[in-house]
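Data block below; observations after.
The values are calculated or read from the model by the stated rules, or taken from the named source; none is laboratory data. In this text the structure is predicted, and so the values were computed from the model without any measurement. All Cβ positions, glycine included, derive from the backbone under ideal geometry; neighbour counts span all protein chains shown.
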Amino acid sequence: MLLLPLVRLRARQTDRRTDGQTEMCTLEKRGNVFVLAITGPGEHRLNPTLVGSLRSALCRVREEPNCSALVTTAEGKFFSNGYDLSWAQNHRDRLELMSSELRALVRDLISLPMPTIAAVTGHASAAGLILALSHDYVLMRKDRGFLYMSEVDIGLVLANWFVTLIRSKIGSPAARREMLMKAAKLTAAQGAAMGIIDSVHDGPEETIRAAIRLAEELVVREWDGHVYAANRMVVLREVLDSLGSDEAVEAAANRASSKL
Amino acid sequence: MCTLEKRGNVFVLAITGTGEHRLNPTLVCSLRSSLRRVREEPNCSALVTTAEGKFFSNGYDLSWAQKHRDRLELMSSEFRALVRDLISLPMPTIAAVTGHASASGLILALSHDYVLMRKDRGFLYMGEVDFGLVLANWFVTLIRSKIGSPAARREMLMKAAKLTAAQGAAMGIIDSAHDGPKETVSAAVRLAEELVARKWDGDVYAANRMVVLREVLDSLGSDETVEAVANQASSKL
């Protein structure tokens, strides 16, 4: 398969832990399929820098709406471990920025004029799991990695919009309770049985290959990308409406300031 | 357009003719007239809706409407009124799907309390995305009230899957699949008789259905896609 690197998006961000510079994500096109990969061996925490890079990549993807599809994946042990809470340090302005950037990214995905597939090749937790579920199809490696909505375990209240999105994707109230109120750490097999993900695959490479194969099958339908997006937006109308605000930011910031 | 007969306690409303049974105002008005007659006998009754030929219904009559705003509006508002009639009908309703049901034709079937289908032929198909059309909000609201699995809704609405009766039953879109059109109608009439034996007050039955489908009723007030299609058409002139 010929890989045609399109653009490698790097953020010149000083990693405060290693003092190195961090490449955030790469975007390439393989035939008709855009492959957006979050790079690096870390936790891929959804701070504004990473989210900004992902949004830039999606701007590029959006330019080719017909006969295209998107596969989003990640390198290393993590798909994404959620918000960058140690960067935010409970500062209201940082929490607000992180939330509004993620909501904008989710809006970008829901309005993207082509089918979208998450190839989950590592742990997906909290906002990281929300990122995966913001795709039309979710495939995951079966041998490693957990799906985990950790909020109740770490003393956080779920954002309304997280729950609205989850309700639009996971139909079983019992499955939603397991995820959201029991903070279950689910394997891919459990996720598939519970209707949280679509299918499981042997290892990261096979997961990405299966995602690309599915993408190619969808491209063959020759849908008008804008019509496809408009229909997705009707189906997920309630989710779009919920992206306008995030009351959990207020609550977290207030809790932090009340401890001063 | 359609016939209405009563077999014992069961009204059988059949869309007649060998064509696609496109939901233009003429056919929809005939169906609504029949439902007005049905409504006169609310107790110890049930309704089975079926159709002759290869199609249950293949959707809106787009070649009649030809993207004229007034025709699109009329077709949409008449169809929404028909769905409101079905949701407020004072007796149980069963669709016996004996042929293809596509787009608004599938919506018509799903506007019944129970959906039975022949297993040997016919597809369930929401083809909008294949034809460059955007789904109406109220279609999606109705589908969400009847089909609980987000994956099934995605297959139908975002992948435009052509589903057989067996697939439809597995995905929770229809209730059961039967051998051929006659057996489908017979099974529907049998189910109708079982429901009649419960001796429900028809108006109470309808009121309960309207509580269960409240969100759907609320969504029937408007159809934003009519504006959109009409604008698209006029922007090409």
Subject >> Qualifying residues in the stretch A:189-221 (those that are in contact (Cβ under 8 Å) with a residue 40 or more places away in the chain and within 9 Å of another protein chain (Cβ to nearest Cβ)) - the one nearest to the chain's Cα centre (by Cα) >> reply: A:ASP198
Original post:
Of everything in the stretch B:123-135 that's surrounded by 22 or more Cβ atoms within 10 Å (Cβ to Cβ) and within 15 Å of the chain's Cα centre (by Cα), which residue is nearest to B:ARG190 (Cα to Cα)?
Top reply: B:LEU124
Original post:
Residue check, B:ARG144 against (1) more than 8 Å from chain A (Cβ to nearest Cβ); (2) in contact with a strand residue (DSSP E or B) (Cβ under 9 Å, 6 or more places away or on another chain); (3) not acidic (Asp, Glu), all met but one. Which one?
Top reply: (2)
Subject >> Those residues of the stretch A:222-260 which are more than 17 Å from A:ASN160 (Cβ to Cβ), at the interface with chain B (Cβ under 10 Å from one of its Cβ atoms) and not acidic (Asp, Glu), in sequence order >> reply: A:TRP223, A:HIS226, A:VAL227, A:TYR228, A:ALA229, A:ALA230, A:ASN231, A:ARG232, A:MET233, A:VAL234, A:VAL235
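Determine which member of the set B:ARG36, B:ARG69 is modelled with pLDDT under 95 and surrounded by fewer than 17 Cβ atoms within 10 Å (Cβ to Cβ).
Values: B:ARG36 fails: modelled with pLDDT under 95.
Unique residue meeting the criteria: B:ARG69.
So is B:LEU157 at the interface with chain A (Cβ under 10 Å from one of its Cβ atoms) and in contact (Cβ under 8 Å) with a residue 12 or more places away in the chain or not?
Working: at the interface with chain A (Cβ under 10 Å from one of its Cβ atoms): yes; in contact (Cβ under 8 Å) with a residue 12 or more places away in the chain: yes.
So B:LEU157 fits the description; yes.
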**OP:** Answer yes or no as to whether B:ALA103 is closer than 24 Å to B:SER176 by Cβ, of a type in the set (A, V, I, L, M) and within 13 Å of chain A (Cβ to nearest Cβ).
**Re:** yes
**OP:** Looking only at the stretch A:174-181, decide whether some residue is more than 11 Å from chain B (Cβ to nearest Cβ) and more than 17 Å from A:LEU129 (Cα to Cα).
**Re:** yes
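Could we say that B:LEU135 is closer than 23 Å to B:LEU27 by Cβ, within 14 Å of chain A (Cβ to nearest Cβ) and assigned to a loop (DSSP other than H, G, I, E, B) here?
Numbers: closer than 23 Å to B:LEU27 by Cβ: yes; within 14 Å of chain A (Cβ to nearest Cβ): yes; assigned to a loop (DSSP other than H, G, I, E, B): yes.
Yes: the conditions hold for B:LEU135.
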**OP:** List the number of the failed condition for A:LEU109; all other conditions in (1) farther than 23 Å from A:VAL249 by Cα; (2) under 17 Å from the mean Cα position of the chain (by Cα); (3) within 14 Å of another protein chain (Cβ to nearest Cβ); (4) not basic (Lys, Arg) hold.
**Re:** (1)
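Residues A:GLU216, A:GLU206, A:GLU151: which one is of a type in the set (D, E, K, R) and buried (at least 19 other Cβ atoms within 10 Å of the Cβ)?
On the way: A:GLU216 fails: buried (at least 19 other Cβ atoms within 10 Å of the Cβ); A:GLU206 fails: buried (at least 19 other Cβ atoms within 10 Å of the Cβ).
One residue alone meets the criteria, A:GLU151.
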Original post:
Is the stretch B:118-131 home to any residue that is facing chain A (nearest Cβ under 9 Å) and either closer than 12 Å to B:THR98 by Cα or touching a helix residue (DSSP H, G or I) at 6+ places or on another chain (Cβ under 8 Å) (or both)?
Top reply: yes
Subject >> Subset of the stretch B:1-28 (residues that are surrounded by 14 or more Cβ atoms within 10 Å (Cβ to Cβ) and assigned to a helix (DSSP H, G or I)) >> reply: B:PRO25, B:LEU27, B:VAL28
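If you take just the helices (runs of 4 or more DSSP H) that sit entirely in the stretch B:156-227, which of them hold at least 1 residues that are over 27 Å from B:HIS100 (Cβ atoms)? Steps first, answer last, please.
Working: elements: B:165-170, B:180-196, B:202-212, B:214-219.
Ranges flagged: B:180-196, B:202-212, B:214-219.
Got at least one residue in the stretch A:156-172 being modelled with pLDDT under 95 and surrounded by fewer than 22 Cβ atoms within 10 Å (Cβ to Cβ)?
Residues of the stretch A:156-172 modelled with pLDDT under 95: A:156-157.
Next, from what is left, pick out any that are surrounded by fewer than 22 Cβ atoms within 10 Å (Cβ to Cβ): A:156-157.
Among the residues of the stretch A:156-172, at least one is modelled with pLDDT under 95 and surrounded by fewer than 22 Cβ atoms within 10 Å (Cβ to Cβ), which makes the answer yes.
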